[in-house]
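Student: Input: one structure, supplied below.
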Amino acid sequence: MSSMPGEAIRTRLILLCRGPVDWAQAEGGDPQLDSESLRESELLAAMLPQFDVIVASPQRSSQETAEALLAQRPVAVVWRDGLDEIRTAAALTSDEAYTGWLDRLFESYGTAAEGESLAEGAERMTSALRGVADRYYGRSVLVVSHPVILLAFRGSLVQSAVQREQVDALPGLAISILEYLEGRFYLVQDFPMRLTP
């Protein structure tokens, strides 16, 4: 990103929510993208704003999304811990287990009996995104992650608790755009901006 003399240098983060997953293919609780999401990820590459690098969660569905984008937009890709979904105490291996966990997760925002709470996840994601923004200072970065953690981060950014209904309403492959300037995030484009391939 270029700037005028005297203008502060901004780092742009394009947050991309990976598409729907196939729970029938969930090895150890790490499901792969469903076939439609994989196809749409490949088509989406041409429609995304310009970016210099992809930083993605190391979970399988985010990796598959990033790799599908790389087929059309060959840039460097980095797998980054901290961008993964809200962490659970036990692996979720089916759609029913995932849905039940989600329902319980939203019963208490700040505490969770089954792993990380929404508040803890939002704090972790904020820290990870600061690290990404600092590392790629002045550049444009595509960040590929997961729906609940992205919405928890967004909620902390706009100081509003994320609601359970928002998870179901967030379309796969939705984006949000942030600018990072002098240690602060600024929301440029909110979810659920959806680029339809």
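Student: What FRET efficiency comes out for the pair A76/V158, r = Cβ-Cβ distance, R0 = 35 Å, nearest 0.05?
Tutor: The value I calculate is 0.70.
Student: Which peptide among 177-184, 55-62, 108-115 comes first, and what is the full order, when sorted by highest mean count of other Cβ atoms within 10 Å?
Tutor: 55-62, 177-184, 108-115
Student: In the set [x] 51, 41, 36; [y] 54, 36, 25; [z] 70, 51, 37, which value of Cα extents along the principal axes in Å was calculated from the structure you see?
Tutor: Answer by label: [y].
Student: If you take every DSSP beta bridge whose two residues both sit in the chain, what share of them, in percent to the nearest 5, is antiparallel?
Tutor: Percentage antiparallel, nearest 5: 55.
Student: Something else: Which helices pass in the chain if a helix is a full DSSP H run, must span at least 20 angstrom along its long axis by Cα, and must have mean Kyte-Doolittle hydropathy not below -1.0?
Tutor: Those that pass (Cα extent of 20 Å or more, hydropathy at least -1.0) are 118-135.
Student: Same structure, new question: Just order 83-93, 14-24 by mean Cβ neighbour count inside 10 Å, highest at the front, would you?
Tutor: 14-24, 83-93
Where a number appears in this text, it was derived from the coordinates with a stated rule and is not lab data. Everything quoted here is computed from the prediction, not taken from an experiment. Methodologically, a virtual Cβ is constructed for each residue, glycine included, from the backbone with ideal geometry; neighbour enumeration extends over all protein chains shown.
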